[in-house]
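Novice: My questions will all concern the structure given below.
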Amino acid sequence: MQLTVVEFRLLAELIDNPDRVHSRQRLLDFAHEDQRDINDRTVDSHIKNIRRKLAARLPHADCLQSVYGVGYRFEPPPQ
């Protein structure tokens, strides 16, 4: 599984702060350090790609949770 630089930044931020809800804008600011003017739905596309890549490796672990109207959070899989 190879992540793009942006996907890696997003996933690392989510994993570093488990159970914290991150707004799309916060994730966008974190992922694109050059502060480009990008639509916040871009994050949705990156999350979709990350989920697809994780599912290929960990088919039963749905770690990236959508929080309706807010953004996303990482929920570690049960041990």
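Novice: Compare the peptides 57-64, 9-16 by average per-residue count of other Cβ atoms within 10 angstrom and give them in order, highest first.
Specialist: Per-residue Cβ counts within 10 Å, averaged per peptide and sorted highest first, yield 9-16, 57-64.
Novice: Please arrange PHE30, PHE8, PHE74 by how many other C-beta atoms lie within 10 Å of their C-beta, fewest to most.
Specialist: Listed from fewest to most nearby Cβ atoms, that is PHE8, PHE30, PHE74.
Novice: Turning to a different aspect of this structure: Counting Lys and Arg as +1 and Asp and Glu as -1, each charge on the Cβ, what is the dipole of the stretch 5-74 about the Cα centre in debye, to the nearest 20?
Specialist: Here the size comes out at about 320 debye.
Novice: If you don't mind, there's one more thing I want to ask. For the chain, what is the relative contact order in percent, using Cα pairs closer than 8 Å and at least 6 residues apart in sequence?
Specialist: 41 percent
Novice: Provide the gained length on full extension for the span GLN25 to SER45, in nm with one decimal, where the gain is 0.36 nm per separating residue minus the Cα-Cα distance.
Specialist: Contour length minus Cα-Cα distance gives 5.8 nm.
Novice: For THR4, THR42, what ranking results if the residue with the fewest other Cβ atoms within 10 Å of its Cβ goes first?
Specialist: Ascending number of Cβ neighbours within 10 Å: THR4, THR42.
A short reminder: the numbers here are calculations on the coordinates, not readings from a lab. The shown structure was predicted, so the numbers you read here are calculated from the model rather than taken from an experiment. A quick note on method: Cβ atoms are made from the backbone with ideal geometry, for glycine too, and the neighbour counts reach across all protein chains shown.
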